[in-house]
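Student: The structure that follows is given in the form of structure tokens.
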Amino acid sequence: MYISAPDSPQVLSGVNSAIFEAGDGRSNKIVCMKSFYNELLIFQEEKGALGGCITLLQGTKPEDLGTINLSNTYGAMNSQSVEVIETIEGGHNAFILSRKGILVTDGKVVNYVPNFAKVMNYFDPSSSTCIRAGYESRMYLKYDSSCNVLKIGLTTGSSATNNNVFLVYDIVTKEFTTDSYQYPLSCECECEAASGNVPMIQLGGGQADGKVYILNSGLNDSSTAVDAYVIVQINEAGSVVRDSEMIVRTKAQSAGTMTITPYYNGNIQSGLAKTLSLTPETTSELIRRHKFTINFKNQNIALKIQHNTAGESFYLLDYALSLEDYTEQ
């Protein structure tokens, strides 16, 4: 891990930076990092008989940072398998989905969550319902604040390719139950509501159909388009800049388009918008690439890359921009 000083985020030399090795020195890749009080919890991939590692990075600046190994056996499955929750009675706790089970740590020790024995069969290699090796990237553990529960998606059995068991863990009662979804989910998350009386809503990603679902409400996007977009902000200390060329790559699909719309100082420039196809130029191609010249000039440019058609997917892979000072102004 490369750490820089708070006021020098791009500096990785001298007293303004530090380098720390996570865990016990094994090269297991870091799969998740979470803020924990004013510290950082680092989780490494679990591999082989030795498993993974959980490291706590403490300190406020490079010269006084230090690490503590909380575990040299347990790790985390992926970036969607750790939630840090502040409970009234116990302060901060990190709940972890591991190959070994469902864990909790207070920053000092790592334990199984209370009543884990009730769902131990899903983590027992001798059980026919054990989680399937090689599918760790598909499983998840997420917090639902509306019900104060953890939702855990598992791919279990010898032939499953999607999450087929959904556990619910009540943080207050410490009890496990199971849930049943009409559409298998690959992930869940909370999002601030744009309107209404409920401040937070729960969203789920469809595992097999590529759709986004609104949970706890009975609604989904089967007939209503989800407005999916990325906004790229371009600003160079108030100078006028020119965006002269752009390359964008998406996953190729059988139908659909995306729209790239520029904004100048927050004002939409509809006449400069571009609509680009998502279908492959050659049938066998998996990626669609567009390279085109543009002439956007302003001191503050925003590019909105958008897709909002029901029944279609949108996978934005990457983009590149050619920028220059606009010296004519």
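The values are calculated or read from the model by the stated rules, or taken from the named source; none is laboratory data. Nothing here was measured: the structure is a model prediction, and the numbers come from that model. A quick note on method: Cβ atoms are made from the backbone with ideal geometry, for glycine too, and the neighbour counts reach across all protein chains shown. Each accessible area value is taken on the protein alone, full model and side chains, heavy atoms only, with ligands, DNA and RNA left out. Shrake-Rupley method; radii C 1.70, N 1.55, O 1.52, S 1.80 Å.
Student: Is it the case that the stretch 189-207 has a residue that's more than 22 Å from the chain's Cα centre (by Cα) and polar (S, T, N, Q)?
Tutor: Among the residues of the stretch 189-207, at least one is more than 22 Å from the chain's Cα centre (by Cα) and polar (S, T, N, Q), which makes the answer yes.
Student: Taking into account only those residues within the stretch 116-164 that are in contact with a strand residue (DSSP E or B) (Cβ under 7 Å, 6 or more places away or on another chain), in a loop (DSSP other than H, G, I, E, B) and among the hydrophobic types (A, V, I, L, M, F, W, C), which is least open to solvent (accessible area, probe 1.4 Å)?
Tutor: 139
The rows are residues; the columns are (1) open to solvent by 50 Å² or more (accessible area, probe 1.4 Å); (2) closer than 18 Å to residue 210 by Cα; (3) not acidic (Asp, Glu).
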{"site": "268", "(1), (2), (3)": "yes, no, yes"}
{"site": "282", "(1), (2), (3)": "yes, no, yes"}
{"site": "304", "(1), (2), (3)": "no, no, yes"}
{"site": "311", "(1), (2), (3)": "yes, yes, yes"}
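Student: Among the candidates 75, 90, which residue alone is at pLDDT 90 or above, open to solvent by less than 60 Å² (accessible area, probe 1.4 Å) and over 30 Å from residue 8 (Cβ atoms)?
Tutor: Result of the check over 75, 90: 75.
Student: Can you work out which of the residues in the stretch 204-241 that are among the aliphatic types (A, V, I, L, M) and at pLDDT 90 or above is surrounded by the most Cβ atoms within 10 Å (Cβ to Cβ)?
Tutor: Only one residue tops the list, namely 241.
Student: Looking at this structure, is residue 58 modelled with pLDDT under 85, more than 28 Å from residue 170 (Cα to Cα) and open to solvent by 50 Å² or more (accessible area, probe 1.4 Å)?
Tutor: no
Student: Select from the stretch 20-55 the residues that are surrounded by fewer than 21 Cβ atoms within 10 Å (Cβ to Cβ), free of Cβ contacts under 8 Å to residues at least 40 places away in the same chain, part of a strand (DSSP E or B) and not β-branched (Val, Ile, Thr) and list them in ascending order.
Tutor: Matches in the stretch 20-55: 33, 40, 47.
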